[in-house]
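Here is the structure we will look at.
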Amino acid sequence: MKASGSRRLGVDCRVSDVWSLLYALGQTGLAVAADAGGMAMVLGRTLQRLGPPRGDSRELVRALKRYGEESLPIVALTAAFTGMIMVVQGATYVQQYGVYNLVGRYTGFTTFREVGPMLIGLMFSGRVGAHHTSELATMRMTEELDALRVLAIDVYETLILPRILAMVVGMAALVVFGDLIAIGAGAVCARLMLQVEYAQFFQALLEHLGPMDFLIGVQKGLAYGLVIGVVSTHYGLNAKGGSAGVGRAVNAQVVASAVALFWVDYLMTSVVR
Amino acid sequence: MVPISASVFFLRPLASLGRWGQWGGRQVQAVLRLGGAVLRNLPHAEPAAIWQQARDLGNRSMFFVVVVMAFVGAIMVVQASMQAQRIVGDLSIIGPGFMQLLVREFAPTIVALMIAARYGAGVAAALGAMQVTEQVDALRLCSAEPISYLVVPRVLGGLTSMPAIVVVGGAVAFVSGGLAGHFGFGIGWTSYFRTGFVVPSDVAIGFCKAAAFGVAVPLVSSWAGLSARGGARGVGQATTRAVIGSSVAVLFLDLVFGAAGYVAQRW
């Protein structure tokens, strides 16, 4: 729309601005709806291959190693930072109110339930989801996906289902490892900064937290793995426009995964409980 | 000779730990070297390019940040209210306490992680594509210093607009938390929307964090893009490295600033 011939509305607002805002809103809405539909299709097609399970088991093992085991260093690093940040953030309040016996409790609670799975999920989407998207997108650009279809090889059976399964299992396992590392790092940090003895830290942790607090985090890990798998598959399969399109697809995947993770977190926190 | 069990269970993990450490050290060194080059080239920055990058980082991430921070605010208030109901039964400090935590910690960190995902991946893809198609070398041939042309505007743009978008994200999270608290737990508007707990040092810590993240995310992402090698695959790897690297940088700086703020407040 031309800005020159438009009527002025207010201080610095033209009619064309209002229209272009509405237009942009509508475009965004359409794009979001299209992506949500695409992800639902991916999810449906993947679930369809589950009963009876038809998937490449060797690809599953390979994906478990590449997505799960090889993410361990970065997840360990993230988790260690998480545990220490939680202790540092609470340190001011702990000192103010003298509640040194609660350090283990709040560190464990926040790490297990919320922050641990979420940060590990964000890292997982940045590393594994991005990798999966860029590989599928490259296969699409080089017409490998079409070649597979010509050979009557189902890409969902050979690639997508095993990898999404690997992401679900790998993410849950990484949450378990990450929680342990985060708690260890938090205990060290509490000892150094607040002089909370290790025994006191772990006693507070064990006294006030049940297995449910831990399992809710693992459950979130399973859900986040599925979300990242579905989102990254969708953006990989729908990449367009040459090698620049691969970069765009990866970028869109990281953004959409983050939104989807927070949305699922919100659902699991407040709606399902 | 070392027994086999010891070598499998102890030495091999130790060796890979050492390799990761060395690898990480090299990456950090490369990023810091790029940071030094940015400092040297600081006087040659063009204001127009800086504004362009500030707009790219801030304005164009607005929708994404608003959506994510709305969820974050609701999640945190729901969690905190459930806990408070179980322990003290007093929900009146949820609002001001959440405000303080947002200012000190969550608004800068989560917004910066989101910016690392959106803007960082974009920077790495753009610079990586330029690197593998030898456009960066072409710039050098034209005797245009690639760092002052490509990296400095991004770093200064990040420094400019990261604090701004952190303020927006924090405000959105606070309001959405208020809505969740009011309709989910019946927290009154007037007891939630209070800012009494926030002291100047909280604002200072939050601002320093936002500014540091605003420098770190573009710097790490530019480094990831400029070190891309080998065609389209290299560009893909660069975007991954940008997201992971800038997220780790954000978490590390968060820890450093949090500890520094704690020590400073004790004095």
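The values are calculated or read from the model by the stated rules, or taken from the named source; none is laboratory data. All values derive from a computational prediction rather than experimental measurement. When we count neighbours, we look across all protein chains shown, and the Cβ atoms used for this are built from the backbone with ideal geometry, even at glycine.
Quick one: what pairs do we get from region B:239-267, first residue within 17 Å of A:Ala182 (Cα to Cα) and facing chain A (nearest Cβ under 9 Å), second small (Gly, Ala, Ser) and assigned to a helix (DSSP H, G or I), C-beta under 7 Å, 6+ apart or different chains?
If the second residue must be small (Gly, Ala, Ser) and assigned to a helix (DSSP H, G or I), the pairs left are B:Ser247/A:Gly126; B:Ser247/B:Ala116.
In region B:146-182, which residues are within 21 Å of B:Asn59 (Cβ to Cβ) and among the small types (Gly, Ala, Ser)?
Hits for region B:146-182 are B:Gly157, B:Gly158, B:Ser161, B:Ala164, B:Gly169, B:Gly170, B:Ala171, B:Ala173, B:Ser176.
Scan region A:119-129 and tell me whether some residue there is surrounded by fewer than 21 Cβ atoms within 10 Å (Cβ to Cβ), polar (S, T, N, Q) and in a helix (DSSP H, G or I).
No, region A:119-129 contains no residue that is surrounded by fewer than 21 Cβ atoms within 10 Å (Cβ to Cβ), polar (S, T, N, Q) and in a helix (DSSP H, G or I).
Just to verify a result, which residue in region A:130-164, among those that are out of contact with any Gly (no Cβ under 7 Å at 6 or more places or on another chain) and crowded, with 24+ Cβ neighbours inside 10 Å, is nearest to A:Phe262 (Cα to Cα)?
Taking the candidates together, the pick is A:Ala130.
Any residue that is in a helix (DSSP H, G or I) and under 24 Å from the mean Cα position of the chain (by Cα) - is there at least one of those in region B:5-18? Working first, answer last.
Step one: list which residues in region B:5-18 are in a helix (DSSP H, G or I), which gives B:5-18.
Still in the list and also under 24 Å from the mean Cα position of the chain (by Cα): none.
Checking region B:5-18: not a single residue is in a helix (DSSP H, G or I) and under 24 Å from the mean Cα position of the chain (by Cα).
Check A:Ile153, A:Ile120 and return the single one that is touching a Leu at 6+ places or on another chain (Cβ under 7 Å), more than 8 Å from chain B (Cβ to nearest Cβ) and either of a type in the set (A, V, I, L, M) or within 19 Å of A:Arg163 (Cβ to Cβ) (or both). Don't jump to the end; show me each part of the working.
On the way: A:Ile153 fails: touching a Leu at 6+ places or on another chain (Cβ under 7 Å).
Being touching a Leu at 6+ places or on another chain (Cβ under 7 Å), more than 8 Å from chain B (Cβ to nearest Cβ) and either of a type in the set (A, V, I, L, M) or within 19 Å of A:Arg163 (Cβ to Cβ) (or both) holds for just one of A:Ile153, A:Ile120, which is A:Ile120.
Picking from A:Ala152, A:Ala239, which residue would you name as being under 28 Å from A:Ala31 (Cα atoms) and either part of a loop (DSSP other than H, G, I, E, B) or touching a strand residue (DSSP E or B) at 6+ places or on another chain (Cβ under 8 Å) (or both)? Talk me through it step by step, then tell me what you get.
On the way: A:Ala152 fails: under 28 Å from A:Ala31 (Cα atoms).
Unique residue meeting the criteria: A:Ala239.
Is it the case that B:Val217 is in a helix (DSSP H, G or I), within 12 Å of another protein chain (Cβ to nearest Cβ) and either at pLDDT 90 or above or in contact with a strand residue (DSSP E or B) (Cβ under 7 Å, 6 or more places away or on another chain) (or both)? Break it down into steps so the answer makes sense when it comes.
Values: in a helix (DSSP H, G or I): yes; within 12 Å of another protein chain (Cβ to nearest Cβ): no; either at pLDDT 90 or above or in contact with a strand residue (DSSP E or B) (Cβ under 7 Å, 6 or more places away or on another chain) (or both): yes.
No, not satisfied.
Report, by residue number, each residue of region B:59-105 that is over 27 Å from the mean Cα position of the chain (by Cα) and buried (at least 21 other Cβ atoms within 10 Å of the Cβ). Spell out how you get there, then give the answer.
Step one: filter region B:59-105 for residues over 27 Å from the mean Cα position of the chain (by Cα), giving B:81-93.
Listed by number, the list holds a single entry, B:Ser81.
Quick grid of which residues meet (1) under 20 Å from A:Tyr156 (Cβ atoms); (2) at the interface with chain B (Cβ under 10 Å from one of its Cβ atoms); (3) part of a helix (DSSP H, G or I):
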{"residue": "A:Gly221", "(1), (2), (3)": "no, no, yes"}
{"residue": "A:Ser232", "(1), (2), (3)": "yes, no, yes"}
{"residue": "A:Val246", "(1), (2), (3)": "no, yes, yes"}
{"residue": "A:Val250", "(1), (2), (3)": "no, yes, yes"}
{"residue": "A:Gln253", "(1), (2), (3)": "yes, yes, yes"}
{"residue": "A:Ala258", "(1), (2), (3)": "no, yes, yes"}
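Is there a residue being among the hydroxyl-bearing types (Ser, Thr, Tyr), surrounded by fewer than 24 Cβ atoms within 10 Å (Cβ to Cβ) and free of Cβ contacts under 8 Å to residues at least 60 places away in the same chain anywhere in region B:184-193?
Yes, some residue in region B:184-193 is among the hydroxyl-bearing types (Ser, Thr, Tyr), surrounded by fewer than 24 Cβ atoms within 10 Å (Cβ to Cβ) and free of Cβ contacts under 8 Å to residues at least 60 places away in the same chain.
Out of everything in region A:31-84 that is in contact with an Asp or Glu (Cβ under 8 Å, 6 or more places away or on another chain) and modelled with pLDDT of 90 or more, what residue ends up being surrounded by the most Cβ atoms within 10 Å (Cβ to Cβ)?
To start, the set of residues in region A:31-84 that are in contact with an Asp or Glu (Cβ under 8 Å, 6 or more places away or on another chain) comprises A:49, A:54-56, A:79, A:81.
Among the residues that remain, those that are also modelled with pLDDT of 90 or more are: A:79, A:81.
Working: A:Ala79: 28, A:Phe81: 21.
Residue satisfying both the conditions and the ranking: A:Ala79.
Is it the case, given these coordinates, that A:Gln89 is at the interface with chain B (Cβ under 10 Å from one of its Cβ atoms), in a helix (DSSP H, G or I), surrounded by fewer than 17 Cβ atoms within 10 Å (Cβ to Cβ) and not hydrophobic (A, V, I, L, M, F, W, C)?
On the way: at the interface with chain B (Cβ under 10 Å from one of its Cβ atoms): yes; in a helix (DSSP H, G or I): yes; surrounded by fewer than 17 Cβ atoms within 10 Å (Cβ to Cβ): no; not hydrophobic (A, V, I, L, M, F, W, C): yes.
The answer is no for A:Gln89.
What number of residues within region B:222-238 are in contact (Cβ under 8 Å) with a residue 40 or more places away in the chain and facing chain A (nearest Cβ under 8 Å)? Walk me through how you get there before you give the answer.
Residues of region B:222-238 that are in contact (Cβ under 8 Å) with a residue 40 or more places away in the chain, as a first pass: B:222-232, B:234-235, B:238.
Narrowing further to those that are facing chain A (nearest Cβ under 8 Å): B:231-232, B:235.
Residues flagged as in contact (Cβ under 8 Å) with a residue 40 or more places away in the chain and facing chain A (nearest Cβ under 8 Å) within region B:222-238 amount to 3.
Counting only residues that are more than 11 Å from chain A (Cβ to nearest Cβ) and not aliphatic (A, V, I, L, M), which one in region B:125-144 is surrounded by the most Cβ atoms within 10 Å (Cβ to Cβ)?
B:Gln131
Working carefully through the options B:Ala164, B:Ala171, B:Ala180, find the one that is out of contact with any Leu (no Cβ under 6 Å at 6 or more places or on another chain) and within 14 Å of another protein chain (Cβ to nearest Cβ). Quick ask: steps written out before the conclusion?
Values: B:Ala164 fails: within 14 Å of another protein chain (Cβ to nearest Cβ); B:Ala171 fails: within 14 Å of another protein chain (Cβ to nearest Cβ).
On inspection, the qualifying residue turns out to be B:Ala180.
So, in region B:88-108, how many residues would count as being on the phi < 0 side of the Ramachandran plot, more than 10 Å from chain A (Cβ to nearest Cβ) and not hydroxyl-bearing (Ser, Thr, Tyr)? So that I can check it myself, show each step before the final result.
Quick first cut of region B:88-108, residues on the phi < 0 side of the Ramachandran plot only: B:88, B:90-108.
Keeping just the survivors that are more than 10 Å from chain A (Cβ to nearest Cβ) gives B:88, B:90-96, B:98-99, B:102-103, B:107-108.
Still in the list and also not hydroxyl-bearing (Ser, Thr, Tyr): B:88, B:90-91, B:93-96, B:98-99, B:102-103, B:107-108.
Qualifying residue count for the region: 13.
Please pick out the residue among A:Ala249, A:Ala239, A:Ala166, A:Ala244 that is within 30 Å of A:Met139 (Cβ to Cβ) and touching a Leu at 6+ places or on another chain (Cβ under 6 Å).
Values: A:Ala249 fails: touching a Leu at 6+ places or on another chain (Cβ under 6 Å); A:Ala239 fails: touching a Leu at 6+ places or on another chain (Cβ under 6 Å); A:Ala244 fails: touching a Leu at 6+ places or on another chain (Cβ under 6 Å).
Being within 30 Å of A:Met139 (Cβ to Cβ) and touching a Leu at 6+ places or on another chain (Cβ under 6 Å) holds for just one of A:Ala249, A:Ala239, A:Ala166, A:Ala244, which is A:Ala166.
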